[in-house]
Structure formats: C-alpha cells, structure tokens
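J.: Sharing a structure here in structure tokens format.
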Amino acid sequence: MKGSLLVIELGEVFTAADLQRFVDEMEQFELQLAVTPSRVIDMRSVTRAPVDFQALYSLAERRRTFQPRNPIRTAGLAITPVAIGYARMFQTLMADHPLVTLKLFESFEEAERWALSEA
C-alpha cells in the first residue's frame, strides 16, 4: 500500500501460475479491508507473458464476479508491447463491471493521480 493506493508490481516474466497466485492473494487481501482500494498495476517490467487468452479470460470472469465494497479505479501501467497487449485485453474483458474502471498509462505519476481521483 502506498497511502490509500494499492500498488502492484509485476516482474519481467508473468506466467499463468503467477496470474492465478496473484488473483488468489489479491482476493484474500481485499477481504481483510473495510474499503476496497483503487490500484496501480505496474507492468512496465513485463517482457514475456506466456499466458493464453483462456487464462486471461478466466481471470476476467473471476474478477467480474468480484464486488468491491466501493467503486474503484485500476490504473494499468504498461510500456512494453507485451504488457500493453495484455492490459488492453483485460481492460476490454472488464469493461462492463459497474464498480471497476480501468485505464492504461505510461507514467506512474499519471496512473497514481488518476487512480486516486474520485471514482
């Protein structure tokens, strides 16, 4: 946590197993909080993501059933083609969630400012 903002940094290689573990840990963390925090997911280091569409789709399905305690913003921070591609796919799959808004950024400062603004 950085103040009221959840900051998540992904490594250079992000696998389907990493994705599953990430979601499991995120859900456990969110259950402990009275307020669901907006977040920045920093994918600037991701250069390889051997995650197929089905794994990403399963994650989106799981997260679409997630009901945060309040509206949240998720700022994706992506600069590599791989990270941008996966972030755009996830953004599209999550577009209809009534309480979660996703937007992509290239700089941490912009991502942080947007995520902390009124959701």
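J.: Considering only residues that are without any contact (Cβ under 8 Å) to a residue 60 or more places away in the chain and closer than 19 Å to Leu77 by Cβ, which ones fall in the stretch 30-43?
T.: Residues satisfying the conditions are Pro37, Ile41, Met43.
J.: What number of residues within the stretch 67-119 satisfy the criterion of being farther than 25 Å from Pro50 by Cα, free of Cβ contacts under 8 Å to residues at least 40 places away in the same chain and not aliphatic (A, V, I, L, M)?
T.: Of the residues in that region, 11 qualify.
J.: Turning to a different aspect of this structure: Check whether at least one residue in the stretch 15-26 is touching a residue at least 12 places away in the same chain (Cβ under 8 Å), farther than 15 Å from Thr74 by Cβ and not in a helix (DSSP H, G or I), and report yes or no.
T.: Scanning the stretch 15-26, I find at least one residue that is touching a residue at least 12 places away in the same chain (Cβ under 8 Å), farther than 15 Å from Thr74 by Cβ and not in a helix (DSSP H, G or I), so the answer is yes.
J.: Of all residues in the stretch 76-93, how many are under 10 Å from the mean Cα position of the chain (by Cα), of a type in the set (A, V, I, L, M) and either more than 23 Å from Val13 (Cβ to Cβ) or assigned to a helix (DSSP H, G or I) (or both)?
T.: Number of matching residues: 1.
J.: Give the stretch 27-55 a look and list any residue that's small (Gly, Ala, Ser) and assigned to a loop (DSSP other than H, G, I, E, B), or say none.
T.: Just the residues of the stretch 27-55 that are small (Gly, Ala, Ser), to begin with: 34, 38, 45, 49, 55.
Residues satisfying the conditions are Ala34, Ser38, Ser45, Ala49.
J.: Evaluate the following for Arg63: is it at pLDDT below 90, surrounded by fewer than 15 Cβ atoms within 10 Å (Cβ to Cβ) and either under 21 Å from Gln20 (Cα atoms) or of a type outside the set (S, T, N, Q) (or both)?
T.: no
The values are calculated or read from the model by the stated rules, or taken from the named source; none is laboratory data. Every value quoted in this text rests on a predicted model; they were computed, and no experiment measured them. FYI the Cβ positions are ideal-geometry reconstructions off the backbone, even for glycines, and counts take in every protein chain you see.
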